Amino acid sequence: MSIETFIIRNALRNKRRAALTVLSVAVSLFLLVTLLVAMRELTQPPEDVGAALRIAVRSRISIANLLPARQRAVIERIPGVEAVSPFSFFGGKYRDEELTMFAQFGMDPKQLRPIFGEAKMPAEQYAAFEADQRACIVGKITADKYGLKIGDRMPFTSTLYPCDIQLIIAGIYSGTIDDRNVLFHHKYLEEASGTEGQTGLWWVKAASIADMGPVTSAINRAFANSSAEVRAETERAFQLSFVSMLGNIKLFITAICSVVVFTLVLVSVSTMSMAVRERFRELAILKALGFRRRELFVFILAESFGLAAVGALVGIGGALVLFTQMDMSRVTQGIMLTFEVTPRIMGLAGLVAAGLGISASIAPAISVARMSVVDGLKTLD
Amino acid sequence: MPGAPIVVIRELSKVYRQGEINVTALNSISLDIQAGEFLALMGPSGSGKSTLLHIIAGIDRPTSGSCEVQGVDVTRLNETELADWRNQNIGFVFQTFNLIPVLTAFENVELPLLLTRLSGRERRRQVQTALELVGLADRQKHLPRQLSGGQEQRVAIARALVTDPSLVVADEPTGNLDSHSAQEVLAILRTLSQTANKTVILVTHDPKAAAFGSRTVHLEKGELA
C-alpha cells in the first residue's frame, strides 16, 4: 500500500458523499464557466475577420441621430479610404412576430463585397442582390431557422420608421461572425420611409492597417464643428460602445460568480469538516502510530484537493465539451455567437477549484493539529 | 529474565483542570520497569493507570516529573520528536482495536511502516511476519468488518509489533473480547515478553488478565498502592 492508496481509500470511504461532493463542485464550476464565458461574450464580442480594416462612423451626439448623405463624398475623398456604405438599422418585425431575433440593415449593395468580404455567397446571388432594389440577402442561420429560400418574400413592419417593407430574397450568405442579419438596399429604405439623404451610420473600409489611424482621425476632423459631427472608430470600439449600454451586467455576473464560489466554499468546508470529524479517532490513532501533524495535513489536503480536482475535471471538462459540440448560436437564437471556453477561463475555474480544495482542508487540518492523541481516542465512533 | 530498567519514572504527577477544579490523576509516582518485563497495571476506574500508560507511550504529558524510556526523557521531546519516537519505539494495542475500516488486515499492519524508509518488499516481509506471529496470515486480505473481535485485536497486535518496538503498551486490550479471545490475546502478549524480549505494559482491571503478567502494579487515586 502506498500513501496515495491510503488517501484514495479514505476519500472514497463514503462513496455517496464523495460523489455528491464531486457533483456539487462540478455543477458549480460548470455554472461558473458558463457565466464567465457569457460575460466574455457580452463584454468582448467576437470580431469578424475583416474587422481590422473597418471603421464605423456615427453621430457624435447619439447613435440614434441620423447622418446626412452628403458626408459620403467627403469620406470617399479621404486618402486611405477604400469603400464607404451607408448603414441603417430598420428595426423591423418579421411577419407577425412579437420579437424578431435578427436585425435588418439597409446598405449599398455594391459595397457589400469590398466592406464585408467575409460574407460568402455565389456571384450570381451578389449580382441578383445588386440588380433589384427590393432584393435582400439573408444570413444562413436565419434562412435555416425560417426555412427561407431564394425568391421568398420577407415582409417587415418597422418599429423605428413609419413604414412597412417587402423584401425578396436574392441570396443567402454565410461566413460572417453573425450569419443572422438581413441586408437590403438603403435606397429602398430611404424611399419607403421618406428619409432620403440620411443614414444611420457609415461603414468605411480602410486600404490597410496603416491607414486605420489616419483615416479615423481625418473623418473626425472633416466634420468637426459641422451640424453633423461624427465619431469614427474601429469596429471593435464600436462594438464595445454597445457593451457599455448593457450597464452593470459585468458587475451583475461577477456578483453571481462570487455567490457561486462562496457557496461552493461553504459546501466543501462543511463536507470536509464532516468527513474529518467522523474519523477523529482514526486520525488520533495515526498520530499515536507516529504520523506527524504535517503528514495528517497532507492527507486531509490531498483528499480535499483530490475531490475538488475531480469535480473541476467533470465541471470544466463538461462545459468545454458541451459548448464545443453544441451550436450555442442556434441554442441562444444568436444572442451568443461563439461561446468559447477559453484557456484563460478554464485556468480561472481551475484556480477556483484549487483554492477550494485548499480552503476546505484548512479548518479540519487545524482541528486535527490541535487535537491531542488522548482526546482523539476518547472520540466516539 | 528481566534486565536493566527500560522505563524509569520519577516523581511523575499529572493534574487536570476541570473548570475551576484541579483533578490529580497521578501523584508523584516513581516506578522502574525492566526490559522484557510483562507489567500489569491494575486499579479501579479513575486510578490513573491509563494516564500513566499514555505518558510512558508519549501521547500525554505530565505536569511534573520525568519519564525516561530507553534513556530518553519523553517529557522533554517536542511534538515532532515524540511522533518519530513513538513510531520507532512504541507499539499500541487499544481496547477498541482501532483498525482503519477501509484498509485490509495487511494494510492496517503496514500502516506504521509507511513512515519508514523500508522498500515495498521489506515492508511486505515484515507485515507477513507480524501476521504470522499472531496467527492471521490467512486473513490478510480481510477488512476489519470481516474479522471477529479477537481477530481484530490480533491484527492490532500485529500492527503494534510490525516496527519491532521495544515497548508494547496495551490499554484494556481484552475489554471488548469474549474470554476465549481474551486468553488468546493475553497469551500472545506473554509470548512477546517471554520469547521476543519485548517489554509489555498492560492496563487492566481484570485480575485474570493481570495474572498473565510477570509483575502487577496497583494504582489507587493516582498513587502506587
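For a modelled paramagnetic label at A:I3, 7 Å from Cα along Cα-to-Cβ, the residues of the stretch A:265-303 in reach, with backbone nitrogen under 11 Å, are A:292, A:294-300, A:302. Spin-label model, A:L31/A:S273: points 7 Å from Cα along the beta carbon direction are separated by 2.1 nm.
Residues of the protein assembly as shown: accessible area per residue at 1.4 Å, in Å²?
46
Note on A:K187: aspartates and glutamates with a C-alpha under 19 Å away, same-chain residues under 8 apart excluded, are A:E76, A:D108, A:E130, A:D132, A:D164, A:E196. Using equal-weight Cα scatterers in the Debye expression, the normalised intensity of the stretch A:117-173 in log10 at q = 0.18, 0.22, 0.23 Å⁻¹ is -0.63, -0.87, -0.92. For the pair A:E82 and A:V265 in one chain, pulling the backbone fully straight at 0.36 nm per residue adds 60.3 nm over the alpha carbon distance. Considering all C-alpha pairs of the stretch A:73-144, those separated by over 13 Å amount to 74%.
Using only Cα atoms, locate the centre of the stretch A:75-133 and the centre of the stretch B:154-225, then give the distance between them in Å, rounded to an integer. Using only Cα atoms to place each centre, the spacing works out to 94 Å.
With the cut-off at 1.5 for a/c, could you classify the stretch A:122-221 from its C-alpha gyration tensor as rounded, prolate or oblate? Note, shape of the stretch A:122-221 comes out oblate. Spatial offset of the stretch B:78-125 relative to the stretch A:177-235 amounts to 79 Å, using the alpha carbon center of each.
Along the axis of the charge dipole computed for the protein assembly as shown (Cβ charges of +1 for Lys and Arg, -1 for Asp and Glu, origin at the Cα centre), the listed residues B:A57, B:P5, A:F262 are led at the positive end by B:P5.
Between A:F156, A:F238, A:F252, the residue with the greatest mean-square fluctuation in the GNM of chain A (Cα pairs under 10 Å linked by springs) is A:F252. The overall shape of the stretch B:69-123 is oblate: from the C-alpha gyration tensor, with semi-axes ordered a ≥ b ≥ c, the ratio a/c is 1.5 or greater and a/b is no larger than b/c.
Rolling a 1.4 Å probe over the protein heavy atoms leaves A:C163 with an accessible area of roughly 20 Å². When the Cα positions of A:P79, A:S28, A:L12 are compared along the charge dipole of the stretch A:8-90, A:L12 comes out farthest toward the positive end, with charges on each C-beta of Lys, Arg, Asp and Glu.
Contact residues in the stretch A:2-17 (at least 10 Å² less accessible area with all protein chains than alone, 1.4 Å probe): A:I3, A:F6, A:R9, A:R13. Cβ-Cβ distance of A:A228 and A:Q133, R₀ of 30 Å, FRET efficiency by 1/(1 + (r/R0)^6): the value works out to about 0.70. So if we plug the beta-carbon distance of B:R76 and B:R145 into 1/(1 + (r/R0)^6) with R0 = 51 Å, what FRET efficiency do we get, rounded to 0.05? Rounded to the nearest 0.05, the efficiency is 0.80. Against the compact-protein benchmark of 2.2 N^0.38 Å, the Cα-based radius of gyration of chain B scales to 1.00. How far is helix B:179-195 tilted, in degrees, relative to the longest principal axis of the Cα atoms in chain B, given as a value from 0 to 90 rounded to the nearest 10? So the helix axis and the longest Cα principal axis differ by about 80 degrees. If you run the Gaussian network model on chain A, springs between alpha carbon atoms under 10 Å, then out of A:M371, A:M154, A:M107 the most flexible one is A:M371. Estimated from helices alone, the mean residue ellipticity of the protein assembly as shown at 222 nm is -14500 deg cm²/dmol (sum of -39500 (n - 2.57) over DSSP H runs with n ≥ 4, per residue).
Note on B:53-64: average number of Cβ atoms from other chains within 10 Å of each residue's Cβ is 2. Based on C-alpha pairs under 8 angstrom that are at least 6 apart in sequence, chain A has a relative contact order of 27 percent.
On a 30 Å Cα-Cα criterion, which of the cross-link pairs B:K49/B:K198; A:K378/B:K221; A:K149/A:K250; A:K110/A:K250; B:K49/B:K141; B:K141/B:K208 come out too long? The pairs that break the limit, which is 30 Å between Cα atoms, are A:K149/A:K250; A:K110/A:K250; B:K49/B:K141; B:K141/B:K208.
Rounded, prolate or oblate, given the Cα gyration tensor of the protein assembly as shown, with a/c below 1.5 counting as rounded? Prolate, since a/c reaches 1.5 and a/b exceeds b/c. Stretched out straight at 0.36 nm per residue, the stretch from B:R61 to B:V23 would grow longer than its current Cα-Cα span by 12.2 nm. Give me D for the stretch B:120-166 in µm² s⁻¹, whole number, from Stokes-Einstein with Rh from the Kirkwood sum over alpha-carbon pairs, 10 °C and 1.306 mPa s. The Stokes-Einstein estimate is 148 µm²/s.
Sorted into 10 angstrom bins from 0, the C-alpha pair distances of the stretch B:100-225 split as 13, 42, 32, 11, 2 percent. Modelled this way, with points 7 Å down the Cα-to-C-beta line, the labels at B:E122 and A:L12 are 3.0 nm from one another.
Rg and Dmax of the stretch A:57-179, based on Cα coordinates, read 15.3, 46 Å. For the stretch A:1-69, the extents of the C-alpha atoms along the principal axes are 81, 23, 14 Å, listed from largest to smallest.
The calculated FRET efficiency for the pair B:A187 and A:R344, based on their C-beta separation and a Förster distance of 60 Å, comes to about 0.35. One compactness figure for the stretch A:1-129 is 1.93, namely its Cα radius of gyration divided by 2.2 N^0.38 Å. Here is the tail figure for the stretch A:154-312: Cα pairs spaced more than 23 Å apart come to 70 percent of all pairs.
Each label was represented as a point 7 Å from its Cα along the Cα-to-Cβ direction; for A:A51 and A:S372 these points are 6.6 nm apart.
The values are calculated or read from the model by the stated rules, or taken from the named source; none is laboratory data. Quantities reported herein were computed from a predicted structural model and do not represent experimental measurements. With ideal geometry, Cβ positions are generated from the backbone for all residues, glycine too; neighbour counts draw on all protein chains shown. What goes into the accessible areas is simple: the full protein's heavy atoms, side chains included, and nothing from ligands, DNA or RNA. Shrake-Rupley method; radii C 1.70, N 1.55, O 1.52, S 1.80 Å.
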